[in-house]
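Since the structure comes first, as structure tokens, the remarks are kept for the end.
Readers should treat all values here as calculations from the given coordinates under stated rules, not as data from a laboratory. This one's a predicted model, so the numbers in the text were calculated from it and none came from an experiment. Glycine gets a Cβ as well: all are built from the backbone with ideal geometry, and neighbour counts include every protein chain shown.
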Protein chains: 2
Amino acid sequence: MDASRFSATLFSEVEHWHQTCDVLVMGFGGSGACAAIEASDNGAEVVIIDASSAAGGSTALSSAEIYLGGGTRVQKACGYDDSVDAMYDYLMATNGPQADAAKIKKYCDSAVEHFDWLCQQGVPFKDSEYKARAVMALTDDGLLYTGSEKAWPFVEQAKPAPRGHNLHVWGDNGGPLFMKIMSEAIQARNIDVQLETRALRLVVDNDRRSVVGVVVRQDMQEKFIQVRQGVVVCAGGFVMNPSMVQKYAPELMRCNTPIGNPGDTGAGIQMAMAVGASVINMHEGFVSLPFYPPASLTNGILVNCHGQRFINEDAYHGRVGSYLLKQDPGPVYLIVNVDDYADYETRSYLGAPVAATGETVEELVDELDVPRQMLLDTINAYNESVTQGHDPVFHKSQEWLKTLQAPIVALDCTPGHGAYMPYFTLGGLETTVDGEVLNTMGGIIDGLYAAGRSACGVPRRGDGYASGISVGDATFSGRMAGRCAARRIVEKN
Amino acid sequence: MDASRFSATLFSEVEHWHQTCDVLVMGFGGSGACAAIEASDNGAEVVIIDASSAAGGSTALSSAEIYLGGGTRVQKACGYDDSVDAMYDYLMATNGPQADAAKIKKYCDSAVEHFDWLCQQGVPFKDSEYKARAVMALTDDGLLYTGSEKAWPFVEQAKPAPRGHNLHVWGDNGGPLFMKIMSEAIQARNIDVQLETRALRLVVDNDRRSVVGVVVRQDMQEKFIQVRQGVVVCAGGFVMNPSMVQKYAPELMRCNTPIGNPGDTGAGIQMAMAVGASVINMHEGFVSLPFYPPASLTNGILVNCHGQRFINEDAYHGRVGSYLLKQDPGPVYLIVNVDDYADYETRSYLGAPVAATGETVEELVDELDVPRQMLLDTINAYNESVTQGHDPVFHKSQEWLKTLQAPIVALDCTPGHGAYMPYFTLGGLETTVDGEVLNTMGGIIDGLYAAGRSACGVPRRGDGYASGISVGDATFSGRMAGRCAARRIVEKN
């Protein structure tokens, strides 16, 4: 990658501005669309650009579950009495020492408003609940548990409620529908959409205090777009840039499938860094071991190279994946009764190879590459917990406690052995609650805003992630940033 | 902290240069001293500044063990046949995915030369070995194991050798002696030392491409020092800046004792960031649970809140501390026979309170706040390992396997319960092997160099740390940076 690509351009170096607008939004995914809509609705003349040939970003590739609570229409219709406080407590607990209390508070306080706003744009949610343990609803139901709300330790720290809001569409088609609706909302506002337009550099005024434009590549030439109010970076994270992941979040490289769109190269983050922007939480990422469906695999146990369990297996798949990466290098197995293995081969996303099977538990254990006696002890202790009806060691819910017995199977979940382990980045530009980008000195960079995975927002830890929190945060932070940019009062020279 | 304090000053804003030199070294600790000496020996006119009233930095407060190998004079005299390859393999393995192969290779290739160079400066090492398991030698012996070389898994990955080089002085007095010798070496070269001189900002030329000076506070006024060749930032890490630790490495805040000198505020790192410098590995830190001496406590086992062991207890105390922080929040106990508790109260650094004692194992277990049966199983399994003479689960060396039996005691090592858990930071400025500071675009910032804990050097992981690697890296990287700055060819305008 050309090192100079992301240098900044000085105002004095611009010979000709090809276009001027109030707010330029860099990136037409979920956050960019919401930024553009809010900026427009707040009176700004908006240009939205994207390097690819179509709108969508990573949001269009996702399920577009949206993590919201505090009493949304769907929650109420499904009989849940969620509160802003419960949602806040959950997000604070799951984000641990990295939690940004101000951002989480704003997000929770605004969650019902954001849900209503999405509905106003035309995003449909059905007032029904999908009750199975699942990575996503493949029905058109509007609500499901998408995090570790019912699992230890969070069940003791915040009153659980399902907060994953799933679009009213069958199958895994939420993302395309969401971005179709957003595109229509953009079109209805006559916002200037420029596709196949790649941002190259930010333009700063001559004392480098304010962002005043963007250099783009369009129709095979460089063009200069001036902004009166600001640039909103909604260009995604950096998971598709291996050298950047290696530099900042090398542990993630043990997973095998970066998820996002090809434009998630960190270019937006790097352009902002070139004008002095601060980045935080760069080592963190979402990591998953999507071992359900079938949910029945939750009845099994996960063991590490020491033959020990290491997590309550009823936790969210992303928490399980993050814990897996924290284990000592070596084998990781999911051990489950053949009964519960069920329709694994046709329904699973996991793709983990079978490590061993056993007509007896001992036969299985003998075939696995972990300390034999410790694994037998682990299985015996687990089965004793089942008998007693509670798991004193990892506090797995009674719902998923089932005696392990032959015939029995072990799936090889060792990183690098074939199990699907998707990942994406959770670090990015340091921003205020309103989306203003901070410089490394703690000040605001005038005219520069960021949202979605280009920024470091609400989701900050892989082991605390919940499906829908990234699209939720991206769309909400996009709105905040777009609004803030549109309302910026620029002193005229 | 004043956000604007670390902004950069433009060349054109300087009205009067109070002094000009070739190379200015910011910080008079171990790295700064070595940078100044090498710069001077390479023909540069050097100024070294420090904010405090005396030389020393954090090196003077440390034991000043120096991690070197590949066949030093002391290693050979003590009968060790260490090799550059073995040292390289060890440092690559212990630094895991963050390992900087180029820096590690240069450090290992140069280790004997660096040892000899230190001896030439007058640093004394006795050709004798301290054989006990210890955090530091309190004798005057010259060599000891200071990492996890003999412990799993590294014992299987690199041929072990002791590489901790301890100065020829009794007690924990290596640091003061080391800095006394360095100060004399500085004095012998007539290097201009300016104490009570705090760096405030870097000065950059008007296109912000090169560092051309430093603004300092001295005698209660701002002064401007111009550099012909460059500035070497040797101003330590940021462990004494709680807001910076919270921002970048919040997990470390679970420990209780930041170690370093009060000047380790990250000011040098932040000044460099203000001129576009890149920082990496900012989330990582050294963490320790110094549970030995007495070494006999290694015969015990550490258990987490699940009642499980989580590490081979013969690992280095820093590895143990890092693993402790990775466990689920909750109690952590060190369980050991009263026999092995020995002279804990008089000799230990740990200061962990006694959680419980037992005239029987069961009595002890009943008093602890972990799953009872799991802990009993853990103790039984461990004792079975002792009987069999090997630990198949955590691969603790046979040397430290001893049956746990009453009377027995548990020390409370839970973070926040009083056990001494020191920490410092391992992230910093991204530099080349020669010490040139990189900007966020991957290019070199002309005239800016960094070393020691201001830079991200050889030591990159808390769980792979070895005593002596920070002073070793600091002194060596200081030399590299000082030399590179002195040899820089500056084009005259």
Cα-based equivalent ellipsoid of the protein assembly as shown: semi-axis lengths in Å, sorted from largest, via gyration tensor: 44, 43, 21
Rounded to the nearest 20 debye, dipole of chain B from Cβ charges on Lys, Arg, Asp, Glu: 1220 debye
Other protein chain Cβ atoms within 10 Å, averaged over every residue that makes up B:366-378: 3
Mean separation of Cα contacts under 8 Å (6+ apart) over length of chain A, as relative contact order %: 23 percent
Principal-axis tilt of helix A:372-388 within chain A, Cα atoms, nearest 10 degrees: 90 degrees
Summed side-chain charge close to A:P331 - residues other than A:P331 whose Cβ falls under 11 Å, Lys, Arg +1, Asp, Glu -1: -3
Highest-first arrangement of B:20-30, A:175-185, B:6-16, A:387-397, where packing means the average Cβ count within 10 Å: B:20-30, A:175-185, A:387-397, B:6-16
Coordinate range along principal axes, alpha carbons of chain B, Å, largest first: 80, 49, 37
Separation in nanometres of the label points that stand 7 Å from Cα toward Cβ, at B:A102 and B:D172: 3.8 nm
Cα centroid of the stretch B:55-88 to Cα centroid of the stretch A:104-125, whole Å: 60 Å
Calculated SAXS-style log₁₀ I(q)/I(0) at q = 0.16, 0.19, 0.22 Å⁻¹ - the stretch B:294-414, Debye, Cα scatterers: -0.69, -1.02, -1.46
Pairwise label distance in nanometres, A:I444 with A:N380, each label 7 Å out on the Cα-Cβ vector: 6.5 nm
Dipole magnitude (debye, nearest 20) for the protein assembly as shown, charges at Cβ of Lys, Arg, Asp, Glu: 2320 debye
Cβ-derived FRET efficiency at R0 25 Å, A:T403 paired with B:R372, nearest 0.05: 0.75
Residues of type aspartates and glutamates that A:K396 reaches as a straight line, Cα spacing below 15 Å, ignoring anything fewer than 8 places off in the same chain: A:E149, A:E156, A:E313, A:D314, A:E384, B:D328
Ranking of A:C34, A:C413, B:C78 by count of other Cβ atoms within 10 Å, fewest first: B:C78, A:C413, A:C34
DSSP beta bridges in chain B [antiparallel fraction, %, rounded to 5]: 60 percent
Summed residue charge, Cβ within 14 Å of B:V169's Cβ, Lys/Arg positive, Asp/Glu negative: -2
B:F238, B:F424, A:F154 arranged by Cβ crowding within 10 Å, fewest neighbours leading: A:F154, B:F424, B:F238
Cβ-Cβ FRET estimate between B:S243 and B:A132, R0 fixed at 35 Å, reported to 0.05: 0.30
Order of B:R347, B:R461 under a 10 Å beta carbon neighbour criterion, fewest first: B:R347, B:R461
Under 26 Å from A:K247, Cα to Cα: lysines that are on another chain or at least 8 residues apart: A:K326, B:K103, B:K105, B:K106, B:K247, B:K326
C-alpha center-to-center spacing [the stretch B:253-298, the stretch A:366-397] in angstrom: 38 Å
Euclidean distance between Cα centres, the stretch B:138-185 to the stretch B:400-474, Å: 16 Å
Shielding score for A:323-329, defined as the mean number of other chain Cβ atoms within 10 Å: 2
